[in-house]
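Peer 1: Dropping the structure in here first, questions after.
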């Protein structure tokens with residue numbers, strides 16, 4: 001993924017009781033580096049994905065500043081936010097809960 005532009009990295013997720021994503025903790029790209037962690041609501045994340053922003057799942061490497069271990073691309077599959085193309089519900093695989 002080194003050649004692809006990444007707009008944000010999702011590190012943790014909170015699901016609502018109905019199974020939909022409520023909040024994600026993410027880092028936004030700010031030029032050649034990334035921001036501190038921010039919370040993004042489901043509505044804001046859907047809007048960003050629809051506008052073409054690229055989000056991936058991952059985790060910050062300890063003591064390495066803006067260096068991350070990237071895992072999977074986040075996709076908007078109809079009304080679902082997922083890391084797999086066959087999911088009919090919100091599901092970010094291997095992302096810890098908030």
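The values are calculated or read from the model by the stated rules, or taken from the named source; none is laboratory data. Note that the structure is predicted; figures quoted are calculated from it, not measured. Every residue, glycine as well, gets a Cβ built from its backbone with ideal geometry; the counts of neighbours run over all protein chains shown.
Peer 1: Could we say that residue 90 is closer than 15 Å to residue 20 by Cβ and either surrounded by 10 or more Cβ atoms within 10 Å (Cβ to Cβ) or out of contact with any helix residue (DSSP H, G or I) (no Cβ under 6 Å at 6 or more places or on another chain) (or both) here? Talk me through it step by step, then tell me what you get.
Peer 2: Values: closer than 15 Å to residue 20 by Cβ: yes; either surrounded by 10 or more Cβ atoms within 10 Å (Cβ to Cβ) or out of contact with any helix residue (DSSP H, G or I) (no Cβ under 6 Å at 6 or more places or on another chain) (or both): yes.
Yes; evaluated as a whole, the condition is true for this residue.
Peer 1: Looking only at segment 74-93, filter to residues that are in a loop (DSSP other than H, G, I, E, B) and under 21 Å from residue 28 (Cβ atoms); which one of those is nearest to the chain's Cα centre (by Cα)?
Peer 2: Filtering segment 74-93 for residues that are in a loop (DSSP other than H, G, I, E, B) and under 21 Å from residue 28 (Cβ atoms), the one nearest to the chain's Cα centre (by Cα) comes out as 74.
Peer 1: Take residue 21 and tell me if it is touching a helix residue (DSSP H, G or I) at 6+ places or on another chain (Cβ under 9 Å), within 27 Å of residue 88 (Cβ to Cβ) and surrounded by 13 or more Cβ atoms within 10 Å (Cβ to Cβ).
Peer 2: yes
Peer 1: Name the one entry in 71, 66, 47 that is on the phi < 0 side of the Ramachandran plot and part of a strand (DSSP E or B).
Peer 2: So the residue among 71, 66, 47 that is on the phi < 0 side of the Ramachandran plot and part of a strand (DSSP E or B) is 71.
Peer 1: Counting just the residues of segment 53-63 that are part of a loop (DSSP other than H, G, I, E, B) and modelled with pLDDT of 95 or more, which one comes out nearest to the chain's Cα centre (by Cα)? Give the derivation first.
Peer 2: First, pick out the residues of segment 53-63 that are part of a loop (DSSP other than H, G, I, E, B): 53-54, 61-63.
Those still in the list that are modelled with pLDDT of 95 or more too: 53-54.
Details: 53: 11, 54: 9 Å.
Filtering segment 53-63 for residues that are part of a loop (DSSP other than H, G, I, E, B) and modelled with pLDDT of 95 or more, the one nearest to the chain's Cα centre (by Cα) comes out as 54.
Peer 1: Looking at (1) in contact with a strand residue (DSSP E or B) (Cβ under 7 Å, 6 or more places away or on another chain); (2) surrounded by 13 or more Cβ atoms within 10 Å (Cβ to Cβ); (3) under 20 Å from residue 93 (Cβ atoms), which is the only condition residue 16 fails?
Peer 2: Condition (2) is where residue 16 drops out.
Peer 1: What residue, among those in segment 47-64 that are over 23 Å from residue 19 (Cα atoms) and free of Cβ contacts under 8 Å to residues at least 12 places away in the same chain, is surrounded by the most Cβ atoms within 10 Å (Cβ to Cβ)?
Peer 2: Out of the qualifying residues, it is 61.
Peer 1: Would you tally the residues in segment 1-13 being surrounded by 11 or more Cβ atoms within 10 Å (Cβ to Cβ) and over 13 Å from the mean Cα position of the chain (by Cα)?
Peer 2: 1
Peer 1: I need the full set of residues from segment 30-44 which are assigned to a strand (DSSP E or B) and buried (at least 17 other Cβ atoms within 10 Å of the Cβ), in order please. Show your work before the answer.
Peer 2: Within segment 30-44, the subset assigned to a strand (DSSP E or B) is 30, 33-34, 38-41.
Answer for segment 30-44, where residues must be assigned to a strand (DSSP E or B) and buried (at least 17 other Cβ atoms within 10 Å of the Cβ): 34, 40.
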